[in-house]
Every structure is written in C-alpha cells, then in structure tokens.
2 protein chains.
Amino acid sequence: VAADPRAAAAAARVAARTLARLDGDARAAAVDAIAGALLRHADAIVAANALDLAAARSQLAAGLMTPALLQRLEMSRGKLESVAEGVRQVAAMPDPAGRVTLATLLDDGLLLERVTCPVGVLAVIVEARPDALPQIVALALRAGNAVLLKAGSEAQRTSRAIFAAVHDALDGTAVPASAVALLEGREAVTALLGAERDVDLVIPRGSADLVRHVQANTRIPVLGHADGRCHLYVDRAADLGRALAIAVDAKVQYPAACNSIETVLVHADVAAVFVPAVVGALRERKVEVRGDAAACRLAGDLVRPAAAADWDTEYGDLIVNLGVVPDMDAAIAHIAAHGSRHTEAIVTTDEAAAARFTDEVDAAGVFVNASTRFADGFRYGFGAEVGISTGKLHPRGPVGLDGLVTYKYRLTGNGHVVADYVGRGGRKFLHRTLTTDLTTESTGIR
Amino acid sequence: VAADPRAAAAAARVAARTLARLDGDARAAAVDAIAGALLRHADAIVAANALDLAAARSQLAAGLMTPALLQRLEMSRGKLESVAEGVRQVAAMPDPAGRVTLATLLDDGLLLERVTCPVGVLAVIVEARPDALPQIVALALRAGNAVLLKAGSEAQRTSRAIFAAVHDALDGTAVPASAVALLEGREAVTALLGAERDVDLVIPRGSADLVRHVQANTRIPVLGHADGRCHLYVDRAADLGRALAIAVDAKVQYPAACNSIETVLVHADVAAVFVPAVVGALRERKVEVRGDAAACRLAGDLVRPAAAADWDTEYGDLIVNLGVVPDMDAAIAHIAAHGSRHTEAIVTTDEAAAARFTDEVDAAGVFVNASTRFADGFRYGFGAEVGISTGKLHPRGPVGLDGLVTYKYRLTGNGHVVADYVGRGGRKFLHRTLTTDLTTESTGIR
C-alpha cells in the first residue's frame, strides 16, 4: 500500500514513460504474469476475503452494510479463477497502442502520422468489488498506462492480497512496480482528484453518489456515468411482438444494471394495442408500471399515475414508467430532457425512423430493435470494460482497451523548416494521404 | 446578437438535433452559402471594421490597446476574400461525420457499429481576430455542430456585420438560424461556462489568461492550450547542420507563435561543437540566449545565465533558453517537468533514439528532424483549425474537422434480447470483426 498518494502519483507518471516505450508483447507478458500470480496467491486472497466477509457480515447485522454490497464483496476460489481467466484474455488481445490511424505525406520526406498511445496515468476509485481490481489493472497495463487504485475499506484485506500477487507478478517483468499502486483512505481520493499534473483520467467505479462526488471535485477528465436512465421508444411502425420482448428483457433481465430501461415511450398510433399488452407482460413479471394519463386510461388499474419526478428517476428495480407520445419528435425531445446519454433504443421496421432516431438521439449507445442490455464491453466484444462513459468525447460508451489509449501526432522529416514554405517562391505542401494499416507501425527515419 | 445566452444555448441544443440528421451535402451547402454571403456583405463588413479600427486607434493612443491586437483586428477586403475562400475550402472537405470506424457482427442479424457524429454544441470565445469567426462557424457547421460565439468587444461591429452575412446565408439552407449565435459581454462568458447541459465543448481563442480563466471556471471539456513551451532536443547522433537550421526556424521564423521553441537542449557529447554554433546563429538573428552553466561556459559572453523561472517561461519573443544534458533521459525528464504537452522535437539520425523520444515524450506533437513550427492545422493538411489542444484526450493537437466529431455506438438487431445469451444453454456471441469502409455509411435494418 502506498503511504503517500501524491508521491505514488508522481512515481506512476515516471513509470508511465517506461510503459510507453515497452513493446506490446512486453506489456502483454506482464498482464499474463498477473493472471498466473493470482492463481498462485489464491489461498491468501480467499483467506483475506474471508476476513473482509466476516467483518461485512457484522456490519450487515448492525445495519451498516447492504446484502447486495456483501454479495459483491465475495471472492471465492471459483470467482478468482474466472477473474484470472479474464486477465489472461486481456493479455491475449491485440495491442491498442502504436496504431497509425492517419498518415499524410506533407512533402517529400516529411511524414505526418497520428499514432495511438497510452493515456498515461489512470486513477481508479473502486467501491467494494475486489474482482474488478485485477481486470482494471490488466486493461490499464495492456494499453500501456500506469494505474493508481483506491480500493474500498470494506475490501481492504482482499485488495491487499490481490496487490501482493500483482507486485509478485511484475517483479519478473519489464513493467516497474510503481506502475501499479494501491491506495487506501478518503484522503487518497482527495489527493488523486487534485493531482492534475500526474493523473490523466479518473475512473470512479461505484455508486452514482461516488461518480457525482468525483465529477464535482476534479478538473481531471472523468470516465464514468452517474446515471443510467435508458428509454425504449416503440414506434408506430414497430413489430409489436419484438417490442414486447425487448421491453421485458430491458426491464426485467437485470433491473439493477445501468443499461436497463426506466421508461417505455409508445407512439400514439399503436398505444391502444401495445400499452395493454406491455402492461400485462410486465405485471406478470412483478414490474410496477407508472403511467402518464394516456397510459393509465388504456391500462386501467394495472398502472398507477407517474409523478413528475418519476421521469427523471433511475429505479434500478422492477418499476418502469410508461408514456404515450404523439410522434417520434416528442419521444426524442423526451429523451433529450430526461435521458442520461447512456443507451437509448427504438423498435421500428421503418428505416427512415431508425436513421432519424440514431442520428438525433444524443447517447453513447443508440439501438434499433435490440435490448438496451447489450450495452456492455463484453457483449460488444471488447473482452472487458473498465466502465461505461456517458461523456460526449472519447472514451464514450463501454470502455475497453481502445478507450484507454489516446493519440499523438508524429512528424518525421530530414531537417525540414517552415521558412522554406513561406511566401510566393516557397515550397508547396503535397498533403498526400497514405493508406494506413491500422495494426502496424510505420517506418522510421529516412 | 442573442440577448439571453442561456436561451441561445438551449436553442442551439435543439438546432444541433436538426444538424445531426442533415446529410453532409446539406451542411456543406450551408457552409458554401456563408462564403458567398461574406463576399456579398463585403462592403458592410469592411465599413464596420473601419469603425472598430478607429475606436481601437483611440484606445492605442490612450495606451489601452497594443499594436499587435490592433493589427489582428483589421479586416480588409483582401483579407475577407481570403477568409471566404477558406470557408469555401472547408465546405469542400469530406464529411467527418457518419463514418463507421468499427463494425462487429455480435450475432446473426445483430450488428454493432461505432459511427462518428457531431460533438453537439460548441461555445467559442474569441478575443479580437474577427477573421477567425467565419472559419470557426464553417468548421463547426461542416462537422454538424451548433456554435455559440462570444466575440471580443473591440471587434463588436465587425462581428455583427459578419453574423448578419452568416444568418443571411443560412436563411436559404436546411441549417436553422439558431444553430449559430453571436453573444456579447462578459456575462455571456459566465453563462456559457455554466451551461453544462447545453454546451459540449468550450473553445477559448485568445491569450493564455483567457484560456486559464476558462479552464478554471467550467466543468465542460475545454479545447485549447494556455501555454506553448516547446523544446528542441539535439541528440548526440544529430546531424548538426539540420539541428542548426531547425533551431533557427523554430525560434526565429515566428517567435510569437505557440509552436515556436523556448528551449534548446543539447546532448553533452555534441555540446562543444553545437553550443557555440547555435549561439552564433541565433545571436546573428538578434535572439537573446539564456544558458545553463555548461552553455555559458561554452559560449562565453554571448549567453547570459538563465534564471530558474526562465525554463518555465513562454517568451513568445526572440529569447531562448539553452541547456546541456548528459543524456536523452535527462532531456525527456526536463521536457516532462517544464513542457506544456504542445510540440516537442528531437534531431537525431539514430532510429532507436527517435523511437524512444516519440514514445516517451508526452505531447500532442512529437517531431523528428523537423521544426516545431509545422504543428498547425493548415500544414497538417486539415484545411483549417479551430485551435490546438494540449489536453491528453480527443481532440488533441491542431483541431480541424476530425476534432469536432465524436462517436456513438449504433446497434441494429431484429428483436434481440440479452436473456437469450444467458446461462449454459444460451446463445454465444460471434464477435466477427467486419472490415469498415471509413467513408461510407453501413446498411440499415435487416
């Protein structure tokens, strides 16, 4: 455990330089070594977790812990094995850094390239969930970043045991130990949020309150989302059978997830058929439905009237709002006013309606005829995710390896100076676009 | 001129939805119309500018205005024509939005695409420089963004005349008038910086003080740079002739530019030859040289000793720091401590040294054997730029059209639900990567 968070951040900054020059295979080898070490340290990690769990159970008895939190805290041997397998998979993924995404020959011998590179130093603040720690470390290192991890006090013993394994693993690799640091205590959070010079990206993993606290207390970019208020819009041209199945899946399959829906909006033309049908299907699955006036009229006693605040509420539970809209414009306007830019879905067979919805709705995910529950790094094929971001700029949506790199412009010449390009007799730029192979580095100095 | 900045921002948010659904040709046509209108309104714009200039000259006489600011304020007919030509070129550029940069078939009929899309609403704060206004509006609209522009009071009449032309042009196009708004007064800046819900990106164009004020007073992402402290590192394996030419160009060619150098670092192995040579060449061009102890020793009276604060100073003038470093590690560490992540250059014939420098140095531009003065949107071939960003994340470096788009994930299915993929008997994801044509939209609903 790092005693001084600011010193750990400064050391991570230096370590990030070493990481930036390591080739992808060396970083992959370090991540792979972590997977092995987690298994070698399994007894110690599970034993430490048992102590955390025992403490948590006393807290539960005293009303200071929720059953959900207690469940997330658990790190059984089986869970650890699947975590180690996930780390191994991250090691095996293609290197996201060093890709040339733009290449322009500015003039003879003067080559401009945009190259992906690590973001630098990540600060991750995790509540409970010790299983998230190895995954985050793996993603950070695979992409070439140093990482400072502040773990929750309820998982202190488990986190320390995991970090003992991580540092044991790094010992035999090219990655310096200071590239991964474990921090503890609230003061560490304050220190990290103020370390603008040494931290490039803050990733809060926990409650909406944690995310809001982080967002309100730092000038460093924050990756995350405080809210997941997702909507399903059932268009006039919807296949209502699909709409019904998607509404049920998006609400019921895992209501606590951020990508589950909180509101269903139904086009007035299909409301008479769809509202009773979806209310019936949801009530059968014990979902409480809160409707606007039109929905209440169509579904009678099965729907209770929604309060104004309900449309801005993330229930995370078996409750859903149901509204009838006169047209898609009203649905898009409702989503703009009440959504959280996470994931928004339309059900329709009308291609023009689908195109308008996906163009106009401002969210990280815009879905057509599919459940919002697909918004997830694993399901997207990213292998793993450090979180889901509802910001407008990169990284947006579920963030895997590609989200943990940025880019720099690399210009290679042979003594080129700007003065030669100035004035009437000056040289003219070629600006010839070269095709880029997104997976290989370009050539060096000519 | 918009009277209420918050109302203008809310209207811009709505207009951004219209822009997001327009096709690229419609946006290009609107930008092209602006070029035409600027020429039609040329008399009015030049006349308005004459009034601003007259007022500025009185201010200059009263010591309230600098000659440089006065010069930037001027909008002659010739300048306006070249501005209009620049706007026309932006209209002719390829559409940066609607490109599919990742496509994965998650399962039969379930297609995930990452599609570039407009950022949304931009707030641009410009000091003086009325010529920047049409260019910024052109870049914003071409990329599909609404834009709120706060112009400086010294350019008030010119700005109003330009906006009369812009709104005249938009009148006959698919772009709503509320997509482009002119704001005035300090309160407008405060309002914009607080409009988190309706503004997605703030772009300060002006002094370092302006940029720092903006960065310190908003939670909205800021595109820009307060400082341009660029370095030139002359490696032990440098071609010293090239190094000399680059040092002179990067300092002398336009010392006020943010991409000119403030410090030259010389490897000790070549210092005995290079230090006297570069000092001679710079002194000949009236550059004051401030050196560390080693440089002073090697160059004698021609160099005055640098104070500690000099290494953190952006002179923007014919002054340069000169230091001798024992090795490249020291140069990289110096740049990490004193640089501003703008543009950093190495001169070397050693490919390994070049690779280490470009990998390890954390800056938007990392240059090999070329002057830092090439760091510019026009020279990069971007056609134009709204500014240069020293942040770590997108948009980074000189920002043209590609920097004014972000991305969203579009998922298209035919009724897919997550419940089908859960548990032992569940469906498995295909995760088949499809090749993406970066310039075309994908197909629609199946």
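Placing a label point 7 Å from the Cα of A:S153 along the Cα-to-Cβ direction, the distances to the matching points in the other copies come to 5.2 nm, shortest first.
When ligands, DNA and RNA are left out and all protein chains stay put, how many square angstrom of accessible area per residue does the protein assembly as shown have with a 1.4 Å probe?
Value for the protein assembly as shown: 37 Å² per residue.
The helix-based estimate of mean residue ellipticity at 222 nm for the protein assembly as shown, built from -39,500 (n - 2.57) per DSSP H run of four or more residues and divided by its residue count, is -12500 deg cm²/dmol to the nearest 500. Modelled label positions at B:L430 and A:E85, each set 7 Å beyond Cα in the direction of Cβ, lie 2.4 nm from each other.
Using only Cα atoms, find the angle between the long axis of helix A:351-360 and the longest principal axis of chain A, and express it within 0 to 90 degrees, rounded to the nearest 10. Here the helix axis deviates by roughly 60 degrees.
Here's how it looks for B:I261: its modeled amide H is under 5 Å from those of B:K251, which are all 5 or more places away or on a different chain. Relative to the longest principal axis of the Cα atoms of chain A, the long axis of helix A:5-21 makes an angle of roughly 70 degrees.
Under 5 Å between amide hydrogens, built in the peptide plane, is the criterion, and for A:L434 it picks out A:A103, A:T104, A:L105 among residues at least 5 positions away or on other chains.
If you sort the three axes of the alpha carbon gyration tensor as a ≥ b ≥ c, you get a/c of 1.5 or more for the protein assembly as shown and a/b no higher than b/c, which makes it oblate. Roughly how far apart, in whole Å, are the Cα centres of the range A:277-315 and the range B:11-62? Between the Cα centre of the range A:277-315 and that of the range B:11-62, the gap is 49 Å. Here the Karplus relation 6.51 cos²θ - 1.76 cosθ + 1.60, evaluated at θ = phi - 60°, turns the backbone of the range B:141-146 into coupling constants of 5, 4, 8, x, 9, 7 Hz, with x for every Gly and Pro. The chymotrypsin sites (Phe, Trp or Tyr not before Pro) of the range A:328-392 include none that meets both criteria, a DSSP state outside H, G, I, E and B (loop) and at most 12 other C-beta atoms within 10 angstrom of the site's C-beta. Proximity of backbone amide H atoms, modeled 1.01 Å from N, is registered between A:C117 and A:G98, A:T406, A:Y407, A:K408 at under 5 Å, excluding neighbours fewer than 5 places apart on the same chain.
Could you give the size of the charge dipole of the range B:337-446 about its Cα centre, using +1 on the Cβ of each K and R and -1 on the Cβ of each D and E, expressed in debye and rounded to the nearest 20?
The dipole magnitude comes to about 760 debye.
Taking the Cα centre of the protein assembly as shown as origin and assigning +1 to Lys and Arg Cβ atoms and -1 to Asp and Glu Cβ atoms, the resulting dipole is close to 300 debye.
Using the beta-carbon distance between B:S58 and A:A26 and R0 = 51 Å, what value does 1/(1 + (r/R0)^6) give for FRET efficiency, to the nearest 0.05?
Values: r = 65 Å, r/R0 = 1.27.
It comes to 0.20.
For the protein assembly as shown, the share of accessible area belonging to carbon and sulfur comes to 52 percent (1.4 Å probe, ligands and nucleic acids excluded). Take the alpha carbon gyration tensor of chain A, find the square roots of its eigenvalues, order them as a ≥ b ≥ c, and report rounded if a/c is under 1.5; if not, report prolate when a/b exceeds b/c, else oblate. It comes out oblate by the Cα gyration axes. Whole-Hz Karplus ³J(HN,Hα) for the range B:276-288, in order, using 6.51 cos²θ - 1.76 cosθ + 1.60 and θ = phi - 60°, x for Gly and Pro? My calculation for the range B:276-288 gives x, 5, 6, 5, x, 5, 6, 4, 4, 9, 6, 8, 7 Hz in order. Name the lysines eligible as straight-distance cross-link partners of A:K286: C-alpha to C-alpha under 25 Å, and not fewer than 8 places from it in the same chain. Excluding near neighbours in sequence, the set is A:K251.
Sorted from shortest to longest, the distances between the A:R297 label points of this copy and the other copies are 9.1 nm, with each point 7 Å from Cα along the line through the beta carbon.
Beyond 19 Å between alpha-carbons counts as too far, so tell me which of A:K392/B:K392; A:K428/B:K79; A:K408/B:K392; A:K392/B:K408; A:K428/B:K392 fall in that bin. Flagged as over cut-off: A:K428/B:K79; A:K428/B:K392.
Looking at the range B:287-417 alone, DSSP beta bridges between its own residues are antiparallel in about 25 percent of cases. Chains A and B: buried accessible surface, both sides, probe 1.4 Å, rounded to 100 Å²? Rounded to the nearest hundred, the buried surface is 7100 Å². Sequence-ordered 3J(HN,Hα) estimates for the range A:255-260 from the Karplus curve with 6.51, -1.76 and 1.60 and θ = phi - 60° stand at x, 6, 6, 5, 9, 7 Hz, glycine and proline given as x. Note on the range A:178-219: along the principal axes its Cα atoms extend 30, 20, 16 Å, ordered by decreasing extent.
From the alpha carbon centroid of the range A:106-162 to that of the range B:203-219 is 29 Å.
The angle between the Cα long axis of helix B:77-92 and the longest principal axis of the Cα atoms of chain B comes to about 60 degrees, rounded to the nearest 10.
Between A:E314 and A:A7, residue separation times 0.36 nm minus the direct Cα-Cα distance comes to 106.6 nm. Summing charges over all other residues whose Cβ lies under 13 Å from the Cβ of A:R88, with Lys and Arg as +1 and Asp and Glu as -1, gives -2. Subtracting the Cα-Cα distance of A:A355 and A:D43 from their residue separation scaled by 0.36 nm leaves 107.0 nm.
The values are calculated or read from the model by the stated rules, or taken from the named source; none is laboratory data. Every value quoted in this text rests on a predicted model; they were computed, and no experiment measured them. Please note: Cβ atoms are built from the backbone with ideal geometry, for glycine as well, and neighbour counts cover all protein chains shown. The protein model used for the area step is the full one, side chains on, heavy atoms only, and it has no ligands, DNA or RNA in it. Shrake-Rupley method; radii C 1.70, N 1.55, O 1.52, S 1.80 Å.
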